[in-house]
């Protein structure tokens, strides 16, 4: 799936570049609103050791799988170079406890991570317009389904987001969007009502490719 996402990004970039070679395109102005619909890969860079309530090591660590989901971004241009974007979607992950001969699923979860970033566009009038951004995210664990007799409770909290990407204008108000975020996020896991615990660093990479439309 990771290779499929990367291949899709490359293919859409090349296709967009060829298709838009001769077409007029719309540039953003103050007050422009852009909607992006994306395919997003959420790839956690997780770490977290599982300990007893007294703090003793169990030899087990947390492992979280990747997730591929649709997301949307709603962007408002303060001026052609500066915009604010709200990203919404949800992710589904399976969480395992691993170590030694142990590899057991303990949790399946859904999370909702609304993210607000401020973005600076280096070349807003160009067909290929790269940008950088930074902002905040709030990760809400909407569903936590314990597996194999485990009960796991994760703490909702804020995180920080860094962002790079590019808008590739195609024709009129349409564009292709490529976006990469890195989100710094840490949560406390309470396992089996406090018998076990873990401070889990998730720090996911969030890679997206999608289609945008300016209003």
Here the relative contact order (percent) of the chain, from C-alpha pairs under 8 Å and at least 6 apart, is 24 percent
Tilt, helix 2-19 to longest principal axis of the chain (alpha-carbon atoms), in degrees rounded to tens, equals 10 degrees
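Go ahead and run the numbers for FRET between residue 148 and residue 215, Cβ-Cβ distance against an R0 of 45 Å, rounding to 0.05.
On the way: r = 48 Å, r/R0 = 1.07.
Given R0 = 45 Å and the Cβ-Cβ separation, E is 0.40.
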Square roots of five times the C-alpha gyration tensor eigenvalues of the chain, ordered largest first and given in whole Å, equal 39, 17, 12
Rounded to the nearest 500, the 222 nm mean residue ellipticity computed for the chain from DSSP H runs (n ≥ 4, each -39500 (n - 2.57)) alone is -3000 deg cm²/dmol
Between residue 136 and residue 116, the two model label points (7 Å from Cα along the beta-carbon direction) sit apart by a distance in nm of 0.7 nm
Burial-style ranking of 110-122, 174-186, average other-beta-carbon count within 10 Å with highest first, yields 174-186, 110-122
Rounded to the nearest Å, the spacing of the alpha-carbon centers of segment 63-132 and segment 190-211 is 13 Å
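A short reminder: the numbers here are calculations on the coordinates, not readings from a lab. Predicted, not measured: the structure shown is a model, and the values here were computed from it. All Cβ positions, glycine included, derive from the backbone under ideal geometry; neighbour counts span all protein chains shown.
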